[in-house]
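See below for the structure under consideration.
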Amino acid sequence: PSTAVPRLQNDSWGKQYSHALFKAMSHMLCIGYGQQAPEGMTDVWLTMLSMIVGATCYAMFIGHATALIQSLDSSRRQYQEKYKQVEQYMSFHKLPGDTRQRIHEYYEHRYQGKMFDEENILGELSEPLKEEIINFNCRNLVANMPLFANADPNFVTAMLTKLRFEVFQPGDFIIREGTVGKKMYFIQHGVVSILTKGNKETKLSDGSYFGEICLLTRGRRTASVRADTYCRLYSLSVDNFNEVLEEYPMMRRAFETVAMDRLDRIGEECPPGPSTASSAPTPRAYRFPTP
């Protein structure tokens, strides 16, 4: 063994560098001290120093590699961390199993395994970029909805920037009859049932909207709305509704025309009683009685 290193003096440079690399990696990776044990105090202390430096570098390498792997899909990691908190919350409050399952399914459909602080992201962008992203994200909603397809693009953009995305599960009551209306809804995907006092159901699906009557009349809901499937909706609050329509009075009249027609239809399906709706013509694109 003592003649191993001197014998390298006459070997090729490839073998010499290979031996030097092996010796350095043995120290730096902290897996040993190489082929030869240190001889003398100088070699002992140099080897220990090399091992300490190697252990530190190895720990830093592992830490940076772990951070790199986590940063490759930070949104999924954020979702997992959030859902762990939800699981601990459900366990702490001892929620029943069916409720836990519904919560789990809601998170799966609402976030689809990824979580973003979308409001903060959009808030940091310029207005043109924000509007461009929102218009792109809601392109299917705009394409499927005659109200938006035939409207002023500025009105569509103003409306879309006020919308809030929501998810409802099958059987959820999105609107209950008799409650005070604070939102209207646009259906991006899903099927809902409109339930009137006459127990007659009317189905609405992609491209429809409902809930505007209360925002216009400032009254209570005239019917209930139940989700039949998983529904991906966009909601618009009454304050934002009035704010946008103040700038576009023609669109307010369009909403009012449809609302009056729907009130007439609900009145025909319900038992006789006082009616507040006028007899307005039925627009072809909107024939469904909704609250």
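The values are calculated or read from the model by the stated rules, or taken from the named source; none is laboratory data. Since we're looking at a predicted model, the values are computed, not measured. Heads up, the Cβs are rebuilt from the backbone with ideal geometry, glycines too, and the neighbour counts pull from every protein chain shown. The area values use the complete protein model at the heavy-atom level, side chains included, leaving out ligands, DNA and RNA. Shrake-Rupley method; radii C 1.70, N 1.55, O 1.52, S 1.80 Å.
Tabulated data for the structure shown
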| read-out | value |
| --- | --- |
| Residue within the range 107-115 that is modelled with pLDDT of 85 or more and open to solvent by 90 Å² or more (accessible area, probe 1.4 Å) present | yes |
| Extreme residue, nearest to Tyr111 (Cα to Cα), among residues of the range 220-243 that are out of contact with any strand residue (DSSP E or B) (no Cβ under 8 Å at 6 or more places or on another chain) and touching a residue at least 40 places away in the same chain (Cβ under 8 Å) | Thr229 |
| Given (1) among the polar types (S, T, N, Q); (2) part of a helix (DSSP H, G or I); (3) open to solvent by less than 10 Å² (accessible area, probe 1.4 Å), number of the condition Ser235 does not satisfy | (2) |
| Qualifying residue in the range 65-84 (condition: in a helix (DSSP H, G or I), in contact (Cβ under 8 Å) with a residue 60 or more places away in the chain and within 21 Å of Val167 (Cβ to Cβ)) | no |
| Selected residue [more than 19 Å from the chain's Cα centre (by Cα), open to solvent by less than 70 Å² (accessible area, probe 1.4 Å), of a type in the set (Ser, Thr, Tyr) and farther than 24 Å from Thr229 by Cβ] from Ser91, Ser74 | Ser91 |
| The range 203-226: number of residues that are over 19 Å from Asn144 (Cα atoms) and touching a Pro at 6+ places or on another chain (Cβ under 6 Å) | 4 |
| Residues that are open to solvent by 60 Å² or more (accessible area, probe 1.4 Å) and either over 13 Å from Gln188 (Cα atoms) or touching a Phe, Trp or Tyr at 6+ places or on another chain (Cβ under 9 Å) (or both), drawn from the range 134-160 | Phe136, Asn137, Ala149, Asn150, Asp152, Pro153, Asn154 |
| Residues within the range 143-197 that are closer than 30 Å to Thr99 by Cα and in contact (Cβ under 8 Å) with a residue 40 or more places away in the chain, tallied | 32 |
| Given (1) at pLDDT below 90; (2) open to solvent by 40 Å² or more (accessible area, probe 1.4 Å), number of the condition Ala277 does not satisfy | (2) |
| Criterion: open to solvent by 60 Å² or more (accessible area, probe 1.4 Å), of a type outside the set (Ser, Thr, Tyr) and touching a Pro at 6+ places or on another chain (Cβ under 8 Å) - qualifying residue of Lys197, Lys182 | Lys197 |
| Residue count for the range 9-57, restricted to those that are β-branched (Val, Ile, Thr), modelled with pLDDT under 70 and part of a helix (DSSP H, G or I) | 1 |
